[in-house]
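Before any comments, here is the structure.
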Amino acid sequence: MRGPLVALCVALNAVQLMLPDRLQAETLRWKCTYTSIATPAGLSNEKFALEFAVDNITGKAVIIGNAGMSDVDVFSGSHGLTFQEKLPTGAIQTTTVARNGRSVHSRHTLLSLEDGLTPSQYYGQCSR
């Protein structure tokens with residue numbers, strides 16, 4: 001009776017070793033630094049940093065910034081990926097990262113009913 005149990009354990013361990021690495025849980029991270037910003041007032045230098053984390057098994061992603069952490073949607077394509085944050089105001093913020101690391105972070109901020117839309121776009125680089 002003990003022989004078949006040992007054989008089963010050995011077989012299960014062998015199967016586990018043959019599974020592709022992508023089945024191993026991992027958090028993929030992108031650290032982004034932006035050095036310039038475009039607003040309706042024009043282009044200027046401004047340092048700004050964001051970080052994104054994606055669970056490679058569930059596909060769930062978060063943005064980590066100066067205001068804390070928030071869930072984001074992620075879309076991966078042949079040339080890069082885009083993170084999308086939906087805000088309670090109805091605005092959306094997107095960050096696109098090209099395969100070479102170049103990145104743009106776009107904010108379509110709705111400050112209040114009176115102030116209206118405040119668009120901005122940051123340009124920078126992300127690394128993994």
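Averaged per residue, what accessible area in Å² does region 80-128 show with a 1.4 Å probe, protein chains only?
Values: 2930 Å² over 49 residues.
On a per-residue basis, region 80-128 sits at 60 Å².
For Lys60, list the lysines whose Cα falls under 24 Å from its own Cα; do not include residues on the same chain fewer than 8 positions away.
Lys31, Lys86
Please list 56-67, 39-50, 92-103 highest first by mean number of surrounding beta-carbon atoms within 10 Å per residue. Present the calculation step by step, with values, prior to reporting the outcome.
Values: 56-67: 13.8, 39-50: 11.5, 92-103: 16.7.
By packing density, highest mean first, the sequence is 92-103, 56-67, 39-50.
Within a Cβ distance under 12 Å of Thr109, other residues only, what is the Lys/Arg minus Asp/Glu net charge? Mind dumping the intermediate values first?
On the way: positive: Arg107; negative: Glu85, Asp115.
For residues surrounding Thr109, the net value is -1.
For region 24-89, give the percent of accessible area contributed by carbon and sulfur heavy atoms, probe 1.4 Å, rounded to a whole number.
Values: 2270 of 4270 Å².
On region 24-89, the fraction of accessible area on carbon and sulfur atoms equals 53 percent.
The values are calculated or read from the model by the stated rules, or taken from the named source; none is laboratory data. Computed from a predicted model, the values in this text were never measured in an experiment. Don't worry about glycine lacking a Cβ; one is built from the backbone with ideal geometry, like all the others, and counts go over all protein chains shown. To get the accessible areas, we keep the full protein, side chains included, count just its heavy atoms, and leave off ligands, DNA and RNA. Shrake-Rupley method; radii C 1.70, N 1.55, O 1.52, S 1.80 Å.
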